[in-house]
Structures are given as structure tokens and as C-alpha cells.
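Report on one structure; see the data block that follows.
The values are calculated or read from the model by the stated rules, or taken from the named source; none is laboratory data. Remember, it's a predicted structure, so these values are computed and weren't measured experimentally. When we count neighbours, we look across all protein chains shown, and the Cβ atoms used for this are built from the backbone with ideal geometry, even at glycine.
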Amino acid sequence: LTERLQKTFAGLRRKGKINESDVRDAMREIRLALLEADVNFGVVKDFVKRVRDKAVGSEVLDGINASQQIVKIVNDELTATMGEKAVPLNKSDKIPTVIMMAGLQGAGKTTTVGKLAKYLEETEHARPLLIAADVYRPAAIKQLQVVGEQVHAPVFEMGTDTDPREIVRQGMAKAREDHNDYVLIDTAGRLQIDEKLMQELADIKEIAHPDEILLVVDAMTGQAAVDVAKGFNEQLEITGVVLTKLDGDTRGGAALSIRAVTGKPIKFTGQGEKMDALDVFYPDRMANRILGMGDILTLVDKAQKNFDQKQAQELTEKMQANTFDFNDFIEQLDQVSQMGPMEDILKMIPGMANNPALKNFKVDPKDVTHIKAIVQSMTEKERTDPDVLNPSRRRRIAAGSGRPIVEVNRMIKQFGQTKKMMNQMSNGNMAGMDQMMGG
Ligand code: GDP
Ligand code: MG
């Protein structure tokens, strides 16, 4: 989390209400934070626009919880962009399930093959066969063999003189013969996307019919990750992504970029060189990491709690002083839609939390709208001094709010009862609670 961003949000929170320039300021900071996290420029632009549209379109501008709403919108949008939930590996209904790696040289393909083998052994007691289809560097085969030994998985290899297509063909046959339930194909990479490699990978895909083509991307490559992901996806139609080297100091913005550009789920992340350094990808956690939203959300949560407590405190005082009027009533109702149910606010009043009468107390949002309309048709005098509500005033209110007179009468009666009950409650008398809560 950048300090700037924190300051901006702290500023918003203090103000309580925010206007369009506040939204603009917040969006500028979010944009910077995303760019600092190495999210691709174009992706940032789109993202910020989406968040802004949502922020301005919602009731942020006149809400009391404006900053909370923006933070939440940003957080939700980040998470949603990256896919909400963890996406598991594709699985074939008959063995073997074939997983093929793709990616630039040094991205972490060979390492990830080992990690995946270990992961599958541990989570499914699987017996994977690893196929060594990178023949361009003599060390590549040796490396896969070392990895295979570490995770106790057999490696199929034919040296560096055989065409990778042939290796895969024979490796697949071997896996079928040995009844391996998984085949993990390690492939070659290049420093950049090139035609010859892409053709080779496309041919391997044709031969092995992989259930999963995992693009392995180094998270440290930042901005460049987008072009790589786009290129591989267009030519191979990848099914998922493994983002490696997240143990480095990158904030992981590549995750957002890749997902936004390819639409393909990130399935795992690499968190180190060891064979157990593989994690299932969780979009919400990644959202936290990219923007440092965890800090903000905690801050906002705390602010929200203080705010709620202050509200509850004021409510208690009004109940005790018996000055709870229609203005307070409608303010409470507003919060039903703004920050959570009135029953929750009531529960914050000392001694109320475990009150059985509150257990089934619910406010219907439609009723809330109607009640609001009625109160809004009252004059200030009527709101603060409900005793003046004679029949002619009530008729006027009914006409003004478009609600039937019986409903107006019922509402005023209920308000009177509520007020009486509140007063009794605040003085320690809990009798009649059921009645107050609508029976
Ligand atoms: P390949 O060329 O795509 O097969 O990449 P390798 O699997 O050979 O990995 C290249 C280098 O990155 C090796 O030194 C790996 O140990 C290292 N590496 C791979 N994944 C990770 C990771 O998640 N974190 C860290 N820190 N290093 C990794
Ligand atoms: Mg390799």
C-alpha cells in the first residue's frame, strides 16, 4: 500500500461525504498504485474507468460511507477481474490427464512440472509421468530428472537428438502402458515468442491432446507479461496460467494484466524454488497484494465500527431522553439500506446483543421505502413533534406520499409504540419487546 493512497482514503473518511473530485483523487491514487504494482497500462485504464463508473453510479456521492464504498468497489472489482474463485485443474474422465507447459525460457516451466507432480501426489495420490520435451539445452533434461527424483516421479526422455514431437508421442504411449493417471509435459522455451517454437508447441498439442495447457509466466516480468500471455494464448489457446516468482518483491500486477488480456484463469502461483513452493491462486488474496487493500479494508472496518458505535450511542441517549423523533427514525431507516440492517444497529446497544426478541426482527426493504416516503411528506414540525399529527395532517401526508391513509396511521401508531418501548428498554425494562418488534 502506498502511503499516498492511505492518506487519500483517510481524507475521504474524515470528510464523511465525498464529491466527484474526491472520486477523481481516489481514482488517481488507485491508478498510480496499480501502475506501481506493474499492472499493464491499458489494463489499468480500463480498470479505473470501470471502478469510476461504479463509484459515481452508486450512491457514493451522498452516502455517509462513501470511502468504504469506494474501497469496496475497488476491492471487489480487482477480485472479480481476476476471477472471484480459485479455478481447479482440468481433469480428463479417463486417464491420463495431460498437462502441457508453455512459456518463455526461464519462466519456471521445468520447476513447475516438479511442483505440480508433488502437488498431485499429495492431493490425489497421483502417479504422474514427466515427459522431457525440451531438447535444445542438454541441461534441460538433466534438470527435469533431478526434479523428478526430488518428487519421486518417473521421467520419460529420449535424449537431445530426437524430435520433441516424437518424444511426446512415445511418452504418451508409455504413460498409457504404465497406467499413469497424469502426464506432465515439460517443453522448451525461447527468450521471445518465435514462430518455430510456436509451431512445435502447436504440434505437441495436436499429438497429446492436453486437458490443460498451462502458460508459465514470471511475475517479475511486469509489463511484458501481457504481450507474452497474449501471444501464447492466441497461438495455443492456453487453458490456464501459473504465475511464478511471486516470492520476489513484485506486487503481482501481472496477475491482473494476464487475466484481463487473456480471460484465462490463473490457477497456481510459484512462491520459491523448492518443490513445495506452489500455491493455488486465490483472486481475493491477490487483490490484497496488488493494491495493499488489506490495510485499507482493515482501516475502513475499524472506522465503520467506530461509526456504528457512535450511532448506537446517540440512539441510546435519545431513547433515554425520550427525544427520538421521526428525523431519527428516518435516519435509522436510511442505514437499513446504507450500512446494514437496523436490527444490527439495535444489537449494538449495550445489553441488546443477546436479546431473544431481536432474533427474528427483520425490516423489509420495501416497507422501508414506503415509510420513508411517508416521513418525507411530513413537515419539520410534524417530524419532531408527532403529537400534532391530527387527521387532516395525516390525510395530507397520505396524499403527498402516495400511500393509503391506513398505512400512514399504522406507521404513526407503530412509531409511537416503538418510541415508548425504546424508552422503557433504555430504562432497563425489557417487557413488551415482542410487541414492539411487530408481534
Ligand atoms: P524454464 O526455463 O521455464 O523451464 O524455467 P526453470 O524451471 O528452469 O526456472 C528458471 C529459474 O527460475 C530456476 O532457477 C528456478 O529455480 C527459478 N524459479 C522457478 N520458479 C520459481 C519461483 O516460483 N520462485 C523463485 N524464486 N524462483 C523460481
Ligand atoms: Mg525448462
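Tell me the residue from 203, 181 that is away from ligand 1 (no atom under 16 Å from the Cβ) and touching a Ser or Thr at 6+ places or on another chain (Cβ under 7 Å), please. Steps first, answer last, please.
Values: 203 fails: touching a Ser or Thr at 6+ places or on another chain (Cβ under 7 Å).
Testing whether each residue is away from ligand 1 (no atom under 16 Å from the Cβ) and touching a Ser or Thr at 6+ places or on another chain (Cβ under 7 Å) leaves just 181.
Got a sec? Which of 174, 142 is of a type in the set (D, E, K, R), touching a Phe, Trp or Tyr at 6+ places or on another chain (Cβ under 6 Å) and surrounded by fewer than 21 Cβ atoms within 10 Å (Cβ to Cβ)? Please lay out each step first, then the result.
Working: 142 fails: touching a Phe, Trp or Tyr at 6+ places or on another chain (Cβ under 6 Å).
After applying the criteria, what remains is 174.
A residue that is more than 21 Å from residue 50 (Cβ to Cβ), touching a Phe, Trp or Tyr at 6+ places or on another chain (Cβ under 9 Å) and small (Gly, Ala, Ser) can be found somewhere in segment 238-246.
In segment 250-262 there is no residue that is in contact (Cβ under 8 Å) with a residue 60 or more places away in the chain, surrounded by fewer than 20 Cβ atoms within 10 Å (Cβ to Cβ) and of a type in the set (Ser, Thr, Tyr). Of everything in segment 384-409 that is exposed (fewer than 14 other Cβ atoms within 10 Å of the Cβ) and at pLDDT below 90, the residue that is farthest from residue 326 (Cα to Cα) is 387. Just one of the numbered conditions (1) within 16 Å of ligand 1 (Cβ to nearest atom); (2) within 22 Å of residue 88 (Cα to Cα); (3) in a helix (DSSP H, G or I) is not true of residue 233: (1).
The helices (runs of 4 or more DSSP H) falling completely within segment 82-183 that include 1 or more residues that are under 33 Å from the mean Cα position of the chain (by Cα) and within 15 Å of ligand 2 (Cβ to nearest atom) map to 109-124. Only residues that are surrounded by fewer than 24 Cβ atoms within 10 Å (Cβ to Cβ), under 21 Å from residue 86 (Cβ atoms) and among the small types (Gly, Ala, Ser) were counted in segment 198-243, giving 1.
Would you call residue 208 out of contact with any Pro (no Cβ under 9 Å at 6 or more places or on another chain), more than 16 Å from ligand 2 (Cβ to nearest atom) and farther than 18 Å from residue 94 by Cα? No. Across segment 352-383, the number of residues qualifying as in a loop (DSSP other than H, G, I, E, B), acidic (Asp, Glu) and at pLDDT 85 or above comes to 0. Which pairs turn up if I take residues in segment 120-144 that are under 14 Å from residue 159 (Cβ atoms) and free of Cβ contacts under 8 Å to residues at least 24 places away in the same chain and look for partners that are in a strand (DSSP E or B) and within 14 Å of ligand 1 (Cβ to nearest atom) with beta carbon separation below 7 Å, at least 6 apart in sequence or on another chain? From segment 120-144, the pairs are 141/132.
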